[in-house]
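Presented below is the structure to which this report refers.
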Amino acid sequence: MIWDNLPAPYAVERYNRLADRQTFDVSVWFARRTEPGRSWAVDPSSWRFRGMYVEDPGESRASLTRFIQRCDALRPDLILSLYGERPFVVGHLIFRALGIRNAFFVERTFDAVIRRRWWKELAKYVLFRSADAAQAHAPPASQRGAVPADAFQYAYRYGFPADRVFGVTHSLDVGHHAAPLSAEMRRQLRLDLGVSGCVFLYVGRFLKTKGLLVLLDAYRRAKQQQPDISLLLVGDGADEDALRAAAEGTDGIVFVPFVQPPDLPRYYASADVFVFPSLGDTFGLVVEEAHAAGLPVITSDAAGDVRQRVRDSGNGFVVPYGDAEALAGRMVLLASDSGLRERMGGRGAERVHAWDHDAWVADFERFASSVLALQPRDTASARLTRAAGRLLVGAADIGERASAWRKKIAARGVVRTAWDTLVSRANRAGMWAISVPWRLARRRDALEKFGTEYQGWLLPVAPLGAGGICYSVGVGEDASLEDRLLKRTTCQVWSFDPTPRALAHIATRTFDPRRFTFVPVAVWDEPGHIRLFAHPDTACDTCSPVNLWHTGACFEVPCTTVGALMRGHGHDELLLLKISIGGGEWRVLQNILDDGLRVQILCVEFCQPASFWRVAAAVARLRRAGYRYCCHERWRFTFQGPPEAQDAAKVPSQASAGSANRKRA
């Protein structure tokens, strides 16, 4: 999982290339669509990766709860995120509480842009000593000098050890920016823009921290010595009005409104020299864009790894930031020597070939594999953030329960709500008491949670190792059981759920189609059609075929039986059958017993309200049929099937073998 702040064009290109490789199952979260000063066009239809906008977990209790549920349902192996804003800090605490590995994007920051405060510095020390790894944006490995890249040094300074910092190329679409213009098209574009002579170009945001007032000062000085020069400023930003006012009265300065990335190469091709006078920039990928276009670059020394990227007098010049006189001197030198411009631009174009998105993908894959091979971080800061995260998760849970109470009180009144709560607690206590003999008599098989913490299932590990056919009846908006089965076992997984919310949820997941099949059909005790009734709480994704909550909203769907599904798909026995269908489990269980279906692991959720003695009666009926009680968590029960079902699951039947042969044929 990659959690970025917004869908910047170059980032979208990288994520598309990563998705095309299919080395990892990657999803991308964005904190927001855009932000002030960013004018990129955002087109989600161009995304070839699974991308979505997620809530700010620090905004409210409701958003915190939704974020926790989202993370708990997905449980990615690794989340790569930013760290410098509230959503990412709160998110890191949640990841630590849930045991999800979290690595940070790391880039150097500059005092001219970032205001240093003691509490920010302290927070950074804690976070960097808590996260599992750092992804440091840097030049390609072949172009890094003997001195570690700026992002590496920054990560080391705040607490990452060397074996947890990994360099990843800060890439761009080199071919796109290298697109040339014919001489006639270039001449016409310069004429249309109103520029002539040696054209100096700046592309980026119009902010004071970009050093644009220094650039204007340097341009005036250079123009006194080289009158036939122009300055082309492309972009927009918060300080645009002040910049235009400062440029008034100076000939040869042309402002161009923000240009979308597809059209930007034309402006690079129209220029002769690129100027980047920033007072402090984490990296400044426009330097590589200019080199890709064959332009020499004059840059300040206040950009990340700039001396490894711009070789002074080689492919450009590096000047002290804020020094208008030094900048003007280099502008005059390049304006007066077209041969020098051509040689420097050629070297820059040659250097930047190693910066293509394929380099980023290769570096990212090495980074992800290396982090997953490391042990999770267990420093004092890691334990501190884990404890803080658990407090947040606990507080969110208490708040969610309080909110549910308020809704119930508003709908039913205080007395009825209190009575229902008392009955529910008594029911759970009765279930605990009556299950004591089962728990004492059960075999101590190794069990493991498959799925999320709150919606997962405890399953016996040993039978799953052999593989087989798994049916998951009732998905809703939680496919974490399916996800875990596909990742941890070699099983073939089939899911059945006809509800619109289940279809929408499955559409967001990318499961291996060779091992996962989704069928939008309901499971019942007879084939035909049934009505599913909605839960009174619209936030709940459960529907009931028996109108368990006495609501009026319903819709009709096709249904079939477990036996019919098995016969239709050529399955003689099941390794696992999970049933979670909102009160319909009683009739489906009876149908399974009547049909004598062979199931090795049976998982049943007895949807509430249902009395504990009714559940106990169902458990007794299953035990009489040969099913052995394994465990239960709340109202989710796990059983192991009769010995004949377990033996059948280990040896494929002749019918199954015939079916497999037909498929191969």
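Just for the stretch 299-333: of the residues that are out of contact with any Pro (no Cβ under 6 Å at 6 or more places or on another chain) and of a type in the set (Ser, Thr, Tyr), which one is nearest to Gly346 (Cα to Cα)? Taking the candidates together, the pick is Ser313.
Selection over the stretch 15-36 of residues that are more than 14 Å from the chain's Cα centre (by Cα) and buried (at least 18 other Cβ atoms within 10 Å of the Cβ) gives a count of 1. Of the numbered criteria (1) over 30 Å from Leu122 (Cβ atoms); (2) outside the structural domain of Phe88 (by TED's automatic domain parsing); (3) surrounded by 14 or more Cβ atoms within 10 Å (Cβ to Cβ); (4) in contact (Cβ under 8 Å) with a residue 60 or more places away in the chain, the one Ala411 fails is (3).
Only one entry in Arg343, Arg309 is over 30 Å from Ala131 (Cα atoms) and not acidic (Asp, Glu), namely Arg343. Residues that are within 11 Å of Thr169 (Cβ to Cβ) and free of Cβ contacts under 8 Å to residues at least 24 places away in the same chain within the stretch 348-361 are absent altogether.
Here the stretch 207-264 is the region considered, the condition is being charged (D, E, K, R) and closer than 23 Å to Glu288 by Cα, and the residue that is surrounded by the most Cβ atoms within 10 Å (Cβ to Cβ) is Lys210.
When Arg108, Arg75 are checked against the criterion of being closer than 16 Å to Gly389 by Cβ and buried (at least 17 other Cβ atoms within 10 Å of the Cβ), Arg75 stands alone in meeting it. Applying the condition of being basic (Lys, Arg) and assigned to a helix (DSSP H, G or I) to the stretch 32-83 and asking which residue is nearest to Thr452 (Cα to Cα) yields Arg70. Among the conditions (1) loosely packed, with under 14 Cβ neighbours inside 10 Å; (2) modelled with pLDDT of 90 or more; (3) under 20 Å from Cys631 (Cα atoms); (4) not β-branched (Val, Ile, Thr), the only one that Met431 does not satisfy is (1). Listed residues Asp305, Asp272, Asp356; which is charged (D, E, K, R), in contact with a Lys or Arg (Cβ under 7 Å, 6 or more places away or on another chain) and surrounded by 18 or more Cβ atoms within 10 Å (Cβ to Cβ)? Only one candidate qualifies: Asp272.
The set of residues from the stretch 145-162 being among the small types (Gly, Ala, Ser), farther than 15 Å from Leu127 by Cβ and buried (at least 18 other Cβ atoms within 10 Å of the Cβ) comprises Ala149, Ala151.
Please tell me if Leu6 is modelled with pLDDT of 90 or more, within 27 Å of Ala155 (Cβ to Cβ), in a strand (DSSP E or B) and under 14 Å from the mean Cα position of the chain (by Cα). For Leu6, the condition - modelled with pLDDT of 90 or more, within 27 Å of Ala155 (Cβ to Cβ), in a strand (DSSP E or B) and under 14 Å from the mean Cα position of the chain (by Cα) - is not met. Selection over the stretch 16-52 of residues that are among the aliphatic types (A, V, I, L, M), farther than 29 Å from Lys210 by Cα and either in contact with a Lys or Arg (Cβ under 6 Å, 6 or more places away or on another chain) or not assigned by TED's automatic domain parsing to the domain that holds Ile79 (or both) gives a count of 1.
The values are calculated or read from the model by the stated rules, or taken from the named source; none is laboratory data. Because the structure is predicted, anything quoted here is derived from the model rather than measured. For neighbour counting, all protein chains shown are included, and Cβ atoms are generated from backbone atoms with ideal geometry for every residue, glycine included.
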